[in-house]
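A short worksheet on the structure shown next.
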Amino acid sequence: MGQNINQKNITNDFRCGYVAIVGRPNVGKSSLINKLIGQPISIISRRKQTTVDCILGVVNQNNLQLVLIDTPGIEFNGKLVKSRRLNNLATSILSDVDVILWVIEAKKIHTEDELIPKIFPKNIPIVVAINKVDLANSDNDKRKMFEQVNDLSDINIDVIIPISVSKSFQITQLIDEIKLRLPIRTPIFDKDFLTDKDIVFRTSEIIREKVFKLIGDELPYTTFIEIDRLLEEEVGRKIVTIDASIITNRMTHKPIVIGKKGMTIKRIKEDSLRPLRKLFDRPVKLNLWVKVRQKFIQKSSY
């Protein structure tokens, strides 16, 4: 990756760099990276900490390549091993990026937001995106949000941009502000490179997102998706066939996933098919099963 790059159309003012997207859980980080990339590469859920890995996505525009890294939501309660592990994962990459994009939720500025700047390395530009600004009812509300963000920390914030991912508000302006703070550099990745996650991972994440959307409150974080079979590359194949298993660690969770008369797992399948068709750009046949693997999940749990 990053090799075989065509240097023909690269100008002397081409900017390229790594941008870490950080913030508390559920402020819209994954929605933002999906919006910037133009495809779903990171899971979206109202449930905290469903992003459990750093996900890389690349945006290519004229004279610009953004290498975005979506990080797990940062929490400071310190009670859960998983929270500490994900915090370490989110912060481990910060010293190696060119810009930190700190996402804050409008009208829900939290005391934990005050702690996040303490983990930022010095001398790295910080761009703050106040997401869901469309929820602000007046100009006075927006002014107060800016004041709150400025008062969060004594660190030097380069710029504060109010955005709305759901309304596509000021996304272009956000990209422009990030671009100004990136180094002049040749592209790191080829122009066709989209993400470091393979098609199997992205398929599993689409299904996992629908599981948590429908029944996430009733299932543990250790629930995951295993792709048993994915047929897409055979010559002349016009339909993608996917066999996938929803893995949970308790027998009592199995009927929850299946639902009464199989209605829940049917809904998971139906909701997954649309984004899967978009991912593969052709018809998809999805077969879902539910399996229990208590010992396996306990060993690999957070």
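Tabulated data for the structure shown
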{"read-out": "Residue 117 being at pLDDT 75 or above, loosely packed, with under 14 Cβ neighbours inside 10 Å and not β-branched (Val, Ile, Thr)", "value": "no"}
{"read-out": "Subset of the range 148-173 [more than 14 Å from residue 132 (Cβ to Cβ) and buried (at least 19 other Cβ atoms within 10 Å of the Cβ)]", "value": "152"}
{"read-out": "Checklist (1) surrounded by fewer than 17 Cβ atoms within 10 Å (Cβ to Cβ); (2) at pLDDT below 90; (3) not acidic (Asp, Glu) applied to residue 195, failing item", "value": "(1)"}
{"read-out": "Evaluation of residue 83 against (1) within 17 Å of residue 195 (Cβ to Cβ); (2) of a type outside the set (Asp, Glu); (3) at pLDDT below 60 (one fails), failing number", "value": "(1)"}
{"read-out": "All positions within the range 173-192 that are under 22 Å from the mean Cα position of the chain (by Cα), part of a helix (DSSP H, G or I) and not β-branched (Val, Ile, Thr)", "value": "173, 174, 176, 177, 179"}
{"read-out": "Top-ranked residue of the range 259-276 - restricted to ones that are among the basic types (Lys, Arg) and either in contact with a Lys or Arg (Cβ under 9 Å, 6 or more places away or on another chain) or surrounded by 14 or more Cβ atoms within 10 Å (Cβ to Cβ) (or both), ranked as nearest to residue 215 (Cα to Cα)", "value": "267"}
{"read-out": "Residue match in the range 124-145 (condition: within 25 Å of the chain's Cα centre (by Cα), at pLDDT 80 or above, closer than 15 Å to residue 74 by Cβ and part of a loop (DSSP other than H, G, I, E, B))", "value": "no"}
{"read-out": "Matching option when the condition is under 16 Å from residue 22 (Cα atoms), touching a Phe, Trp or Tyr at 6+ places or on another chain (Cβ under 7 Å) and touching a residue at least 24 places away in the same chain (Cβ under 8 Å), among 128, 159, 99, 149", "value": "128"}
{"read-out": "Only listed residue being part of a strand (DSSP E or B) and either touching a residue at least 40 places away in the same chain (Cβ under 8 Å) or surrounded by 15 or more Cβ atoms within 10 Å (Cβ to Cβ) (or both), chosen from 246, 256", "value": "246"}
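The values are calculated or read from the model by the stated rules, or taken from the named source; none is laboratory data. Not measured: the values here are computed from a predicted model. Counting neighbours? That spans all protein chains shown, and the Cβs are built from the backbone with ideal geometry, glycine included.
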